[in-house]
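Peer 1: Can you read through this structure? Questions will come right after.
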Amino acid sequence: MMAGMSADSPSDSPLPRVLREGSVLAWHNLLTLVWLNVLWVVCAATLVLAGPATLTAYGYLAALRDDEHPVPRQLLERLRRTLLPGTLCALTTVAFGFLAYANLQFWPQVLGQFGLFVVGIFWGYLIWLFAAAQPYLLEALSVQRLPYVQAWQAALLDVARRPLSAHGWVLIPLALALLGLTFRTPGLVVLVSLLLTYAAVQVRPVTIAVPPLDPPQLEEGEEVL
């Protein structure tokens, strides 16, 4: 998988690391992204499993990122482990969305046009921050398996440590959302798993295990330990 690619090596590409490495990882695992995305759509259609399915898919893609060679038969166990945190994650997203909508509807009626501007700026940034924290939250819940409150603390701390990168990452889901609205079929086939791939690479660079050199490849004078 992606032989010769080094996550830490310098690159002349003008693309940010997350786009460069995430795109290569997605391309070399395209079939995996397709069937994983289809499974996510099936689970998300139940609504109840939308959150756990998201954490499960992220964990699987993070394992690909870390070169851990995950296998599909692990998915059911991964889904079982993420039932509670995934459900809490989904409920938090719904509650946050409701609060944002309610505030954007209520305060402008009380404060007028100025209130609309102030509340819009305030909640606009909170929504952006909420989106910026998602990759780190998914990592904390599905890979590090932290308790829910600690996972949020770790996610917000990671955003504070790299604010430019974390806030800039939000442009990726915005672009993919626009693509999904324009072309609906790719959204059902690959966009969710592609977004989760970029999220995984946002948190940590792609890890590629370098195979050991064969004896003929060793430079003259070197010894095999």
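The values are calculated or read from the model by the stated rules, or taken from the named source; none is laboratory data. Note that the coordinates shown come from a computational prediction; the quantities given were computed from them, not determined experimentally. Heads up, the Cβs are rebuilt from the backbone with ideal geometry, glycines too, and the neighbour counts pull from every protein chain shown. The accessibility values were calculated without ligands, DNA or RNA, using every heavy atom of the protein model including side chains. Shrake-Rupley method; radii C 1.70, N 1.55, O 1.52, S 1.80 Å.
Peer 1: Can you tell me which residue within region 106-163, out of those that are under 20 Å from VAL18 (Cβ atoms) and basic (Lys, Arg), is least open to solvent (accessible area, probe 1.4 Å)?
Peer 2: Filtering region 106-163 for residues that are under 20 Å from VAL18 (Cβ atoms) and basic (Lys, Arg), the one least open to solvent (accessible area, probe 1.4 Å) comes out as ARG162.
Peer 1: Next up: Name the single residue, out of those in region 36-66 being farther than 16 Å from LEU196 by Cα and in a loop (DSSP other than H, G, I, E, B), that is least open to solvent (accessible area, probe 1.4 Å).
Peer 2: Of everything passing the filter in region 36-66, LEU49 is least open to solvent (accessible area, probe 1.4 Å).
Per-residue answers, yes or no, for (1) within 21 Å of VAL143 (Cβ to Cβ); (2) more than 22 Å from the chain's Cα centre (by Cα); (3) of a type in the set (Gly, Ala, Ser):
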{"residue": "TYR58", "(1), (2), (3)": "yes, no, no"}
{"residue": "ALA63", "(1), (2), (3)": "yes, no, yes"}
{"residue": "PRO70", "(1), (2), (3)": "yes, no, no"}
{"residue": "GLN74", "(1), (2), (3)": "yes, no, no"}
{"residue": "ARG78", "(1), (2), (3)": "yes, no, no"}
{"residue": "LEU84", "(1), (2), (3)": "yes, no, no"}
{"residue": "LEU99", "(1), (2), (3)": "no, yes, no"}
{"residue": "TRP107", "(1), (2), (3)": "no, yes, no"}
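Peer 1: So which residues in region 78-105 are β-branched (Val, Ile, Thr) and loosely packed, with under 15 Cβ neighbours inside 10 Å?
Peer 2: Selection gives VAL94 alone.
Peer 1: Let me ask something else. Go over the candidates ALA166, ALA175 one by one and state the one that is at pLDDT 90 or above, surrounded by 11 or more Cβ atoms within 10 Å (Cβ to Cβ) and over 21 Å from SER142 (Cα atoms).
Peer 2: None of the others qualify; the one that does is ALA175.
Peer 1: Being open to solvent by 50 Å² or more (accessible area, probe 1.4 Å), aliphatic (A, V, I, L, M), closer than 19 Å to SER23 by Cβ and in a helix (DSSP H, G or I): is that true of ALA199 here? Steps first, answer last, please.
Peer 2: Numbers: open to solvent by 50 Å² or more (accessible area, probe 1.4 Å): no; aliphatic (A, V, I, L, M): yes; closer than 19 Å to SER23 by Cβ: yes; in a helix (DSSP H, G or I): yes.
For ALA199, the condition - open to solvent by 50 Å² or more (accessible area, probe 1.4 Å), aliphatic (A, V, I, L, M), closer than 19 Å to SER23 by Cβ and in a helix (DSSP H, G or I) - is not met.
Peer 1: Against the condition over 18 Å from ALA63 (Cβ atoms), in contact with a Pro (Cβ under 8 Å, 6 or more places away or on another chain) and modelled with pLDDT under 90, how does LEU116 come out, does it pass?
Peer 2: Details: over 18 Å from ALA63 (Cβ atoms): yes; in contact with a Pro (Cβ under 8 Å, 6 or more places away or on another chain): yes; modelled with pLDDT under 90: yes.
So LEU116 passes the test.
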